[in-house]
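The values are calculated or read from the model by the stated rules, or taken from the named source; none is laboratory data. These numbers were taken from a predicted model, which means no experiment stands behind them. Cβ placement follows ideal geometry from the backbone for every residue including glycine, while neighbour counts extend to all protein chains displayed. Accessible surface is based on the protein model in full, side chains and every heavy atom, while ligands, DNA and RNA are left aside. Shrake-Rupley method; radii C 1.70, N 1.55, O 1.52, S 1.80 Å.
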Amino acid sequence: MFIEKLAEQAKVFGGNETVKAVYVGLAYCCAELENGAAGVAYVFRGSPCKGGCTHNLPKRPLAGSKASELLDFAGKGPLANSVCTAVANAIFSWRATPSATGDILDHLHLEPGIKVGMVGEFKPLVPVIKKRGAQLTVFDMHPDTSSGIHPSESIPHLLPECDVALITATSIINQTFDDLLVHAASCQHVAVLGPSTPLAPECYQGTPVTCASGIIVRENQSLISAIMEGGGTRMFIPYADKVNITI
């Protein structure tokens with residue numbers, strides 16, 4: 001599984017780093033290392049609890065752990081995957097070498113008629129893609145029937161027909177990413193998007209991914225405060241830099 005590959009690569013780069021704290025909000029979590037690096041990852045709602053109101057995690061406390069211990073959470077449940085990914089992203093962030101900064105669409109050449117498959121609805125990108133004349137197909141797990149968005153069950157049939165695949169990094173956390181890469185194998189460009197995106201080219205070797213578009217946290221405490229107050233991307237993105245890495 002990709003998340004296990006991600007965890008192993010993060011161990012190579014910084015498995016001995018100490019985790020200062022892990023902050024779990026309603027939409028995202030943030031892992032902060034003692035060296036000052038921070039990384040975020042999406043948190044799926046409805047993660048299973050253990051006989052009450054305690055959410056399942058393989059180890060507690062998280063603060064003070066070696067990064068390798070929390071990277072071992074890979075594949076052990078939705079919240080465990082979120083914590084693992086956040087720790088990995090913190091490790092990757094301080095050694096990332098971006099190819100470009102800003103939104104991915106500033107660097108992705110889209111011509112009229114190009115077929116774009118978007119897995120996970122990135123609402124701010126939709127009007128930009130349509131304005132450029134590209135043919136956009138959006139997939140989501142639970143689409144509104146009147147929205148025109150296709151259910152995820154349509155991905156095996158429609159995504160292989162696309163020229164460009166834009167895949168949400170949350171699929172790494174719910175472990176659907178590997179299957180999505182199979183269906184995107186024939187696409188000319190495959191980009192992984194969102195704050196949860198691992199910024200380590202080594203993770204994507206042997207996959208069809210051509211670009212990783214994520215964030216590097218710039219202001220730890222402001223970003224952590226936004227997450228702990230239930231904030232999502234729009235609330236914490238002012239405290240991070242959008243970056244793109246060509247694979």
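Short to long, the 5 Å bins of the Cα pair-distance histogram for region 1-127 hold 2, 10, 18, 19, 16, 13, 11, 6, 3, 1, 0 percent of all pairs. Working from Cα pairs under 8 Å separated by at least six residues, relative contact order for region 1-155 is 20 percent. Taking a Cβ cut-off of under 11 Å around residue 172, the surrounding Lys, Arg, Asp and Glu residues balance to a net charge of -1, with basic ones at +1 and acidic ones at -1.
Could you tell me what percent of the accessible area of the chain is made up of carbon and sulfur, with a 1.4 Å probe and every protein chain present? Intermediate values should be presented prior to the final figure.
Numbers: 5770 of 11110 Å².
Answer for the chain: carbon and sulfur cover 52 percent of the accessible area.
For region 134-230, rounded, prolate or oblate, judged on the Cα gyration tensor with a ≥ b ≥ c (square roots of eigenvalues), a/c < 1.5 rounded, else prolate if a/b > b/c?
On the way: a/c = 2.30, a/b = 1.36, b/c = 1.69.
Verdict is oblate for region 134-230.
When each of the peptides 34-40, 218-224 is scored by how many other beta carbons lie within 10 Å of its residues on average, the order from highest to lowest is 34-40, 218-224. The HN-Hα couplings worked out from phi for region 175-188 by the Karplus form 6.51 cos²θ - 1.76 cosθ + 1.60 (θ = phi - 60°) are 6, 9, 4, 4, 5, 4, 5, 4, 6, 9, 4, 8, 6, 6 Hz, whole numbers, x standing for Gly and Pro. Would you be so kind as to identify which of 61, 117, 105 lies farthest towards the positive end of the dipole of region 15-133, taking Lys and Arg as +1 and Asp and Glu as -1 on Cβ and the Cα centre as origin? My answer, from the dipole projection, is 117. Each residue, residue 241 and residue 186, gets one label point 7 Å from its Cα in the Cβ direction; the gap between the two is 4.0 nm. Using +1 at the C-beta of Lys and Arg and -1 at the C-beta of Asp and Glu, which of 126, 186, 200 has the Cα lying farthest in the positive direction of the dipole of region 125-247? Of the options given, the answer is 126.
Within the chain, the ratio Rg/Rh, alpha carbon atoms throughout and Rh by Kirkwood, equals 0.96.
When ligands, DNA and RNA are left out and all protein chains stay put, how many square angstrom of accessible area per residue does region 115-247 have with a 1.4 Å probe? Spell out each step's value before the answer.
Numbers: 5990 Å² over 133 residues.
Result: 45 Å² per residue.
Averaged over its residues, region 1-94 has an accessible area of 41 Å² per residue, based on protein heavy atoms and a 1.4 Å probe.
Please report, in debye to the nearest 20, how large the charge dipole of the chain is about its Cα centre when each Lys and Arg carries +1 at its beta carbon and each Asp and Glu carries -1 there. Walk me through the intermediate numbers first.
Working: 18 positive and 22 negative charges, 82 e Å.
My answer is approximately 400 debye.
Taking each DSSP H run with n ≥ 4 as -39500 (n - 2.57) and averaging over every residue of the chain yields -7000 deg cm²/dmol at 222 nm. What does the charge add up to near residue 147, with Lys and Arg as +1, Asp and Glu as -1, over the other residues with Cβ less than 12 Å from its Cβ? Net local charge, residue 147 excluded: -2.
Comparing 20, 115, 59 in a Gaussian network model of the chain (Cα springs below 10 Å), the most mobile by mean-square fluctuation is 59.
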